[in-house]
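The structure under discussion appears below in the form of C-alpha cells.
Every number here is computed from the coordinates shown, using simple stated rules; none is lab data. What you are looking at is a predicted structure, and each value in this text was computed from that prediction instead of being measured. Note that we place each Cβ from the backbone using ideal geometry, even for glycine, and neighbour counts take in every protein chain shown.
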Amino acid sequence: MGEADAMNAFTGRISEADMSNEVGNVRGAPRFTSLIRAAKLVCGQGEFICVVRDVSATGVSLRTFHRLPTDHTVALELQNGASYEMRQVRKSGYDASYAFHRPIAVEHLVQENWEYPKRQLRLHLAVPLTLTALAGRFECVTLNLSQQGARIDCRQLLAIDQTVRVESPVFSETRCKVRWRKNGQYGLVFDNTFSLREFALLAAQVQCPSLLQDEPD
C-alpha cells in the first residue's frame, strides 16, 4: 500500500507485531506496525487530525496532513474518547514520534474498547454558518464538527428531518438534514461528507492557519 493509500484507507487493523527499540527509556515492549487509524492531537493550539501509524507501551508514531503543532506536550485522543498524554521526541516533516507520560496497555489502544457506540472523530470547532431553509437565511455557529455532520447552535426553529443548506467562510454550501434538536441546538448530517484530509485542513485553517504553510526544505 502506498503512502497516499494508507492515509486515505485507515481501517484500525494491525497486520503484524514485531520487536523494536522503544521511544523513551523502556525497552523490549512489542511495537505494532501498520496501525493506520485516525485520531486527534489536542493541545493549547487546538484539536488536529492525525493518523496513528504504530504504537508501543511507551510511545507512538503518527502523521498529520499539515505542519505539526508546536506544543511539545499534547494529548492523543481516540475515536472512543480515550486520551493519552505524551511529549514529542522526534519530528520530520509531517511525521513525529511521541513518548507517553507513563507506559500504557497497548492492547487497549489497539483494540480500542468501546463504552459507547463507535462514532466519527468530533472536533470542538466554533465555525460561523449561514443556514438556508424555506423560512429564510439565518446565522448560527457550530459547537462541534465531524466529517459527516455538525452540532450547531441556532435560534431559528427547525424541524426534525428538515433539509437545509449551510455554508461558511471555510467550506462551500452543503446540503444537510436535521437529525435531532434540544434547547436551541441541532444535529446536522451532511449529504456530502469531508474526506479525512479535507477535514484535517479545515481544522487547521480555523484554529491555526500557520500550520498550513509548506514545510521548509
CYS43 paired with THR130, simple spin-label distance in nm, labels 7 Å along Cα-to-beta-carbon:
3.5
How much length would be gained if the chain were fully extended between ALA75 and GLU173, taking 0.36 nm per residue of separation minus their Cα-Cα distance, in nm to one decimal?
32.0 nm
Determine, for each peptide in 159-165, 138-144, 121-127, the mean count of other beta carbons within 10 angstrom over its residues, then list the peptides with the highest first.
121-127, 138-144, 159-165
Assigning unit charges at the beta carbon (Lys, Arg +1; Asp, Glu -1) and nothing else, what dipole magnitude in debye, to the nearest 20, does region 120-217 show about its Cα centre?
680
Selection from GLN156, PHE138, TYR186, by position along the positive dipole direction of region 134-197 (Cβ):
TYR186
Based only on other Cβ atoms within 10 Å, what is the fewest-to-most ordering of TYR94, TYR186, TYR84?
TYR94, TYR84, TYR186
If you wrap a convex hull around the C-alpha atoms of region 120-217 and split its volume per residue, what is the figure in Å³?
96
Residue-wise HN-Hα coupling along region 148-153, computed from phi with Karplus coefficients 6.51, -1.76, 1.60 (Hz; x: Gly, Pro):
9, x, 8, 9, 10, 10
